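Enquirer: Before I ask anything, let me first share the structure, which is written out below as structure tokens.
Bear in mind these aren't lab numbers, they're just calculated from the coordinates by the rules spelled out. From a predicted model like this one, the values you see are computed outputs, not experimental measurements. Cβ coordinates were reconstructed from backbone atoms using ideal geometry, including for glycine residues, and neighbour counts include every protein chain displayed.
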Amino acid sequence: MEIWDLHAHLSGVPGDTPEARLGHLLEYADRMGVGRLCVFMGMEWSYDPTPEKLREDNDQVLRAIRAYPERAFGFVYLNPRHTQASLDELNRCVRDGPMVGVKLWVAERCHSASLDPLVERARELGALIFQHTWIKITGNLPGESTPMDLVALAKRHPTANFVCGHSGGDWEMGLRAIRAHPNVHADLGGGDPAAGLTEMAVRELGVDRVLYGSDIGGRSFASQLAKVHGAELSAASKRAILGENLRRLLSPILNAKGVKT
């Protein structure tokens, strides 16, 4: 099975440079049969990055993916609290650069209207939008989104493609929240490899909306691949989740950039 990992970071990985860190990730990927990685955010995270920090983080990802163009794709990290700087980064890294997606984290809850210009520009460029989501019983961070926040955003932008990061953490609630919205896809990455997650995602969303990701750097390839390999699903469904679905979502922008897959 061709495995494309939706969810990889440069943080939590050995190495003094972005190139070295991605090289380490690819060593681990080779052991586990992972062919391609989507990489986002820099070597040291910031919850609410300044425009300067955004550019620094995205430069680090650009360095990493340019060192391994046959193995890694980049997603541009944006902060909706800095609209113009984020639009500039979208144009620099996606329109004029090799990146193919958008990463949004915890600076601003994603139901906010401040995300609208960023989502619209990403849609125009054909970029896949990955939004971190979580439902925490101890309470979310002030700017941390839930799957319900993402649904509110997705309803305003029905022709953009979104990924619900971590399936909301509390995946039984998260998967039900996004079920009725076909432009929202579930990321299996992060969290423990609990039995039933992948089967429920397929049952609630259909296999075409379920994407394998590891959250590597914070999690291991092995524990996250187990969610798919250990699921009671057909081989065809596992192939779709492990790579075919992500490849289909990224194909338009990759083709536009002349990237061979």
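Enquirer: Could you look through the range 213-230, keep only residues that are in a helix (DSSP H, G or I) and without any contact (Cβ under 8 Å) to a residue 40 or more places away in the chain, and pick out the one that is farthest from Val39 (Cα to Cα)? Full working, then the answer.
Expert: First pass over the range 213-230, keeping only residues in a helix (DSSP H, G or I): 221-229.
Checking which are without any contact (Cβ under 8 Å) to a residue 40 or more places away in the chain leaves us with 223-224, 226-227, 229.
Values: Ser223: 19, Gln224: 16, Ala226: 21, Lys227: 20, His229: 23 Å.
Once the filter is applied, the top-ranked residue is His229.
Enquirer: Continuing with the same structure: Listed residues Val259, Val202; which is in contact with a helix residue (DSSP H, G or I) (Cβ under 9 Å, 6 or more places away or on another chain) and buried (at least 19 other Cβ atoms within 10 Å of the Cβ)?
Expert: Within the list Val259, Val202, the selection yields Val202.
Enquirer: Separate question: Would you tally the residues in the range 21-56 being loosely packed, with under 15 Cβ neighbours inside 10 Å and on the phi > 0 side of the Ramachandran plot?
Expert: Here the count works out to 1.
Enquirer: Please state which one of Val106, Val163, Val94, Val100 is under 25 Å from Gln60 (Cα atoms) and surrounded by fewer than 23 Cβ atoms within 10 Å (Cβ to Cβ).
Expert: Working: Val163 fails: surrounded by fewer than 23 Cβ atoms within 10 Å (Cβ to Cβ); Val94 fails: surrounded by fewer than 23 Cβ atoms within 10 Å (Cβ to Cβ); Val100 fails: surrounded by fewer than 23 Cβ atoms within 10 Å (Cβ to Cβ).
Within the list Val106, Val163, Val94, Val100, the selection yields Val106.
Enquirer: Residues to consider are Glu108, Glu89; find the one that is of a type in the set (Asp, Glu), more than 23 Å from Pro18 (Cβ to Cβ) and free of Cβ contacts under 8 Å to residues at least 40 places away in the same chain.
Expert: Working: Glu89 fails: more than 23 Å from Pro18 (Cβ to Cβ).
When all the criteria are applied, what remains is Glu108.
Enquirer: Out of all the residues in the range 60-109, which are touching an Asp or Glu at 6+ places or on another chain (Cβ under 7 Å) and part of a helix (DSSP H, G or I)?
Expert: Within the range 60-109, Arg63, Ala64, Ala67 meet the criteria.
Enquirer: Restricting to the range 6-20, give me the number of residues that are surrounded by 15 or more Cβ atoms within 10 Å (Cβ to Cβ) and touching a helix residue (DSSP H, G or I) at 6+ places or on another chain (Cβ under 7 Å).
Expert: Residues flagged as surrounded by 15 or more Cβ atoms within 10 Å (Cβ to Cβ) and touching a helix residue (DSSP H, G or I) at 6+ places or on another chain (Cβ under 7 Å) within the range 6-20 amount to 7.
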